[in-house]
1. Considering every residue in A:97-108, what mean count of other chain Cβ atoms within 10 Å of its Cβ is obtained?
2. What's the minimum Cβ distance from chain A to the axis relating it to B, in whole Å, and which residue gives it?
3. Can you compute the helix-only [θ] at 222 nm over chain B? Use -39500 (n - 2.57) per DSSP H run of at least 4 residues, normalise by all residues, nearest 500 deg cm²/dmol.
4. Ranked highest first by average number of other Cβ atoms within 10 Å, how do A:154-162, A:212-220, A:251-259, A:124-132 line up?
5. If the limit is 31 Å between Cα atoms, which of A:29/B:52; B:67/B:118; A:148/B:26; A:182/A:251 go over it?
6. Please state the shape class of segment A:1-48: rounded when a/c is under 1.5, otherwise prolate if a/b exceeds b/c and oblate if not, all from the C-alpha gyration tensor.
7. Let me confirm one metric for peptide A:44-52, namely the mean number of other chain beta-carbon atoms within 10 Å of its residues' beta-carbons.
8. Rounded, prolate or oblate: which fits segment B:58-205, taking a ≥ b ≥ c as square roots of the Cα gyration tensor eigenvalues, rounded meaning a/c under 1.5, else prolate when a/b beats b/c?
2 protein chains.
Amino acid sequence: MFIVKIGGGKNINWDFVCEDISSLNKKEKIVLVHGASTKRDEFAQLLNRPTKVVISPSGVSSVYTDKEALEVFLMVYAGLTNKQIVANLQNYGINAIGLSGIDGALWRAKAKKEIYVKEGDKIKLLKNNLTGRVEEINTDLINLLLNKDYLPVICPPAISYENEIVNTDNDWATAVMAGSLKVKEIVVLFEAPGLLRNVSDEKTLIERIDKNKLDEYLVYCSGRMKKKLLGAKKAFELGVKRIYWGDGRIKNPIINVLSGKGTIID
Amino acid sequence: MFIVKIGGGKNINWDFVCEDISSLNKKEKIVLVHGASTKRDEFAQLLNRPTKVVISPSGVSSVYTDKEALEVFLMVYAGLTNKQIVANLQNYGINAIGLSGIDGALWRAKAKKEIYVKEGDKIKLLKNNLTGRVEEINTDLINLLLNKDYLPVICPPAISYENEIVNTDNDWATAVMAGSLKVKEIVVLFEAPGLLRNVSDEKTLIERIDKNKLDEYLVYCSGRMKKKLLGAKKAFELGVKRIYWGDGRIKNPIINVLSGKGTIID
């Protein structure tokens, strides 16, 4: 079994992804996790509820989620994007089932109602934040579905211990899920050939990273890549053996990255 | 096992519904089907994609679903509403799982790309209509979940034989699902005490309807009620023995209707 986690960038080619999953899934069980950030921002804008990005004191960016933002999140992740992916996979002969972290309490998270954020030089406390960090996974549900040849297509939000819906970091949740499922390999696809030394030059691909030296690569990570790196660290802590970072825009995105075209962390 | 189908009206009291489900579910398996029409219309308006209602030549109203309308539908039904209901049920101790008709090809529909509609005295042909009529149910998936004490929370859209996402009539789909699951009773809740002789007078409740004389009651059905009546006819055709129509706004909505407070069709 392995996990494929695909970012929410607009240039991800979902036909290529589905094609690869349909051939790889014949040999091995796959769990798919996806984002939808571009579409979320688009609909947030259309609904006049623009996405608010905040920066933690340690410099990691994340989305501030109030009640209105959570509605947009639910709509675009668990509704629009999740179901479009499921239908696309069905079209490639894969019996996909879409689930959010709420369904069957699949992703149980510790709510984090107050967060500190950096605004210029100041540190501020934000309240009424509807996010949380995933701690427990309903692996029984995933295994129940996998054993009947369903392919779970999973996305945030998660559900808190108090049964509130909470936005959650997808890379972290994927790491915790990999640990709970005892998955050894994760494929992470986004809109770049892998981690780049120079973000604007695709020829500067970093082909291999020693999992014990991940921190040294934080300097090459901007924005969302920082979360991917933190997610990777967590995954190795929980027993994952290898993570592949690769390009979700090209033909055979998963087969390519598994054969070494991308960044391998191990 | 019985099916509870709840309309998408804004005055449905979901806390009361969840409370009843949590006590009834201890004795009997329940499958929940829900709508979200009020919220859909609200977000369709906010997104400047107002819901277009069309009238069939036989006088039944339905929603014309183009690509843009289908996006709104996916967002509000399968995303926002479905997940809020699931979280609410989780809060009442019920391990609910939300599924659209797309997931696991739960509701397979025959696409109906062209529909005839009545505009004044004229009959027009509308093309590119993304709707379909549910014909086949993945009962294995529902039983798989029920046997592990999950409560399925199901909503449209459905998936066509060509693996396209299609909007579908919820009452019809519920009837077909009841038939496939060999369910004998369906509880249908909406924003009225049952079927009324005079829609503006709640004292004119029709308490009992002979299932063989349903057509005679079509005169009391306006708008969406017509679809409920057609759905009921289909359900009886497929082996359902009794249908309860009742009020989703009041305390103990399901327990009340099962004890006779509403319209019983049998």
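1. 6
2. That would be A:79, 1, residue then distance in Å.
3. -8500 deg cm²/dmol
4. With the highest mean Cβ count within 10 Å placed first, the list reads A:154-162, A:251-259, A:124-132, A:212-220.
5. A:29/B:52
6. Taking the square roots of the gyration eigenvalues as a ≥ b ≥ c, segment A:1-48 is prolate.
7. 1
8. oblate
Laboratory data are not the source of any read-out in this text; all were calculated from the coordinates shown. Note that the structure is a prediction, hence the values are computed from the model and not measured. Don't worry about glycine lacking a Cβ; one is built from the backbone with ideal geometry, like all the others, and counts go over all protein chains shown.
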